[in-house]
């Protein structure tokens, strides 16, 4: 099984002020295995012509838990911090708004990142969630005040 390194895959970048970030679920990746042609579908949508599109990958694996030695389950808080770190650093920190589209465990990562950010005094997040079907939710957050929201 190939190793899945954390990465940010660019589907389309430009001078837009908004970006869509696809975040895969357990045992997925930033490439086509989770999202298929959905990023290409968004690229063809005229309403989103000024939106940049990315996929964010992180390591997940299916392995055995050995009590007190290691945990097989990915660490959701750690992945939430990874998502936050990616969003507040280039190239994602230049956007005024980020729309986070998450599948399965990726949704847990997004929810945890949003919940954790609310505790930080310099970051204010306005977010909404819409169900798009088949377990896909759209999380949209806009930066307000001094900091950037995820």
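Once you have the alpha carbon radius of gyration of segment 75-121, what is it after dividing by 2.2 N^0.38 Å, with N set to its residue count?
1.11
How far, in nm, would the chain grow between residue 17 and residue 96 when pulled straight, counting 0.36 nm per residue and subtracting the alpha carbon separation?
Length gained between residue 17 and residue 96: 27.9 nm.
Can you order the peptides 41-48, 106-113, 76-83, 11-18 by their average number of other Cβ atoms within 10 Å per residue, highest first? Before the final figure, lay out each step's value.
Working: 41-48: 11.6, 106-113: 22.5, 76-83: 17.4, 11-18: 13.4.
Top of the packing list down: 106-113, 76-83, 11-18, 41-48.
How high is the relative contact order of segment 6-61, in percent, with contacts defined as C-alpha pairs under 8 Å that are six or more residues apart? It would help to have the intermediate numbers written out before the result.
Numbers: 94 pairs, mean separation 32.7, N = 56.
In percent, rounded to a whole number, it is 58.
Quick note: the coordinates plus some simple rules give every number you see, no bench work behind them. Because the structure is predicted, anything quoted here is derived from the model rather than measured. Don't worry about glycine lacking a Cβ; one is built from the backbone with ideal geometry, like all the others, and counts go over all protein chains shown.
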